[in-house]
Amino acid sequence: MLLLLEMKIDLGNNCPDLTIQDVRDILQRTLPRRNVTKEDFRKLLEEKIKRRKSAKKSRHRKNKNS
């Protein structure tokens, strides 16, 4: 848990949409692999945030049309 909090603090200013859940999910996917670069981590994080924003927009459109 401390690691997650430290990552949130370190990356929080550069990535304000970062959540603890994002960090946990990405670590679960990357830790089993041996050669994970910062670039790999950054790409996974960007994809996750992009999907979350898209889902949020979709929900707003759906609710607006109801």
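Quick check on ARG51: is it part of a loop (DSSP other than H, G, I, E, B) and among the basic types (Lys, Arg)?
Answer is no for this residue.
Can you find a residue in segment 51-61 that is surrounded by 13 or more Cβ atoms within 10 Å (Cβ to Cβ) and modelled with pLDDT of 75 or more?
Looking through segment 51-61, at least one residue is surrounded by 13 or more Cβ atoms within 10 Å (Cβ to Cβ) and modelled with pLDDT of 75 or more.
Exposed (fewer than 10 other Cβ atoms within 10 Å of the Cβ) and assigned to a helix (DSSP H, G or I): which single residue out of GLU39, GLU6 fits that description?
Step by step, each of GLU39, GLU6 is checked, and only GLU39 is exposed (fewer than 10 other Cβ atoms within 10 Å of the Cβ) and assigned to a helix (DSSP H, G or I).
How about segment 19-36: which of its residues are part of a helix (DSSP H, G or I) and either acidic (Asp, Glu) or closer than 17 Å to ILE9 by Cα (or both)?
ILE20, GLN21, ASP22, VAL23, ARG24, ASP25, ILE26, LEU27
Specify which of the listed residues (LEU11, LEU18) is in contact with a helix residue (DSSP H, G or I) (Cβ under 7 Å, 6 or more places away or on another chain) and surrounded by 15 or more Cβ atoms within 10 Å (Cβ to Cβ).
LEU18
Of all residues in segment 49-66, which are over 16 Å from MET7 (Cα atoms) and of a type outside the set (S, T, N, Q)?
Listed by number, the residues that qualify are LYS50, ARG51, ARG52, LYS53, ALA55, LYS56, LYS57, ARG59, HIS60, ARG61, LYS62, LYS64.
Given the conditions (1) at pLDDT 75 or above; (2) more than 10 Å from the chain's Cα centre (by Cα), which single one is not true for GLY12?
Among (1) at pLDDT 75 or above; (2) more than 10 Å from the chain's Cα centre (by Cα), the lone unmet condition for GLY12 is (1).
The values are calculated or read from the model by the stated rules, or taken from the named source; none is laboratory data. Only a predicted model underlies this, so the values are computations on that prediction, with no experimental measurement involved. Methodologically, a virtual Cβ is constructed for each residue, glycine included, from the backbone with ideal geometry; neighbour enumeration extends over all protein chains shown.
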